[in-house]
Amino acid sequence: MEITKTPLEGLLIIQPKVFEDDRGHFFESYNKNVFLQNGINVDFVQDNQSLSQAGVLRGLHFQNPPFAQGKLVRVIKGSVLDIAVDIRKNSKTYGEHFAITLNEQNKTQFWIPEGFAHGFLTLENNTIFSYKCTNYYNKASEGCILWNDSDLHIDWNINNPILSEKDKAGEIFKNFNSQF
């Protein structure tokens, strides 16, 4: 695995070493020792998977402490524009975001530690998105920042995504009081 830092401290791009031949391909999607060697000492306790059609936008979600989650995300089938927003109030990059395209061809993974809001836009029909979480889901601790908040300057490259009611009612960033 090749691990690359992003401009936002803690966010990492993970590129697995892929072995391909005429039968298909094989790659290691997670290795605890590689994470430890890169300063990430976490235990994953829950795996989630979603199926979405093109134009579905999910996010920007997070869970507040003590149920905050780190996430290792990847696309199994299809493609997404994946976004992480720094919501750590003492961070030099508070309110900044990082965007990356994850798809079944590049097999790239994205490590999103606690203290980030996360969302993705599905770019293809029948996209399967998978993520490993470091904490269990807790409804009372969940939060959502408005996906198209103008203060965040995120270019989703879509005007009318398919949204859940929760995502339509996300909090405006300037009114957001981070617990991180």
*Considering (1) modelled with pLDDT of 95 or more; (2) farther than 16 Å from residue 50 by Cα, say which one residue 159 fails and leave the rest.*
(1)
*asked:* The conditions are (1) more than 29 Å from residue 172 (Cβ to Cβ); (2) crowded, with 19+ Cβ neighbours inside 10 Å; (3) not hydrophobic (A, V, I, L, M, F, W, C), and residue 106 fails exactly one of them. Which is it?
replied: (2)
_Can you report the number of residues in region 124-155 which are within 16 Å of residue 53 (Cα to Cα) and not small (Gly, Ala, Ser)?_
6
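Could you check, for region 150-161, whether at least one of its residues is touching a helix residue (DSSP H, G or I) at 6+ places or on another chain (Cβ under 7 Å) and assigned to a loop (DSSP other than H, G, I, E, B)? Quick ask: steps written out before the conclusion?
First, the residues of region 150-161 that are touching a helix residue (DSSP H, G or I) at 6+ places or on another chain (Cβ under 7 Å): 151-152.
So of that shortlist, the ones also assigned to a loop (DSSP other than H, G, I, E, B) come out as 151-152.
Within region 150-161, one or more residues are touching a helix residue (DSSP H, G or I) at 6+ places or on another chain (Cβ under 7 Å) and assigned to a loop (DSSP other than H, G, I, E, B).
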*How many residues does region 80-109 contain that are more than 20 Å from residue 144 (Cα to Cα) and not aliphatic (A, V, I, L, M)?*
9
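Hey, which of the strands (runs of 3 or more DSSP E) in region 1-108, taking only ones fully inside, have at least 2 residues that are among the polar types (S, T, N, Q)? Quick ask: steps written out before the conclusion?
Numbers: elements: 2-5, 12-15, 18-21, 24-27, 46-52, 57-63, 71-77, 79-86, 97-103.
Fully inside region 1-108 and qualifying: 46-52, 97-103.
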*Filter region 83-103 for residues that are in contact with a strand residue (DSSP E or B) (Cβ under 7 Å, 6 or more places away or on another chain) and among the small types (Gly, Ala, Ser); which is surrounded by the most Cβ atoms within 10 Å (Cβ to Cβ)?*
84
*Residue within region 127-147 that is under 15 Å from residue 11 (Cβ atoms) and either in a strand (DSSP E or B) or of a type in the set (S, T, N, Q) (or both) present*: yes
*Within region 30-44, is even one residue under 17 Å from the mean Cα position of the chain (by Cα), at pLDDT 95 or above and on the phi > 0 side of the Ramachandran plot?*
no
*Got a sec? Which of 32, 5 is loosely packed, with under 12 Cβ neighbours inside 10 Å, farther than 20 Å from residue 105 by Cβ, without any contact (Cβ under 8 Å) to a residue 12 or more places away in the chain and basic (Lys, Arg)?*
5
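Listed residues 141, 91, 130; which is over 19 Å from residue 65 (Cβ atoms) and either under 18 Å from the mean Cα position of the chain (by Cα) or at pLDDT 95 or above (or both)? Walk me through how you get there before you give the answer.
Values: 141 fails: over 19 Å from residue 65 (Cβ atoms); 91 fails: over 19 Å from residue 65 (Cβ atoms).
Only one candidate passes the filter, namely 130.
The values are calculated or read from the model by the stated rules, or taken from the named source; none is laboratory data. Bear in mind the structure is a predicted one, so any value in this text is a computation, not a measurement. Here the Cβ is made from the backbone with ideal geometry for all residues, glycine too, and neighbour counts use every protein chain on show.
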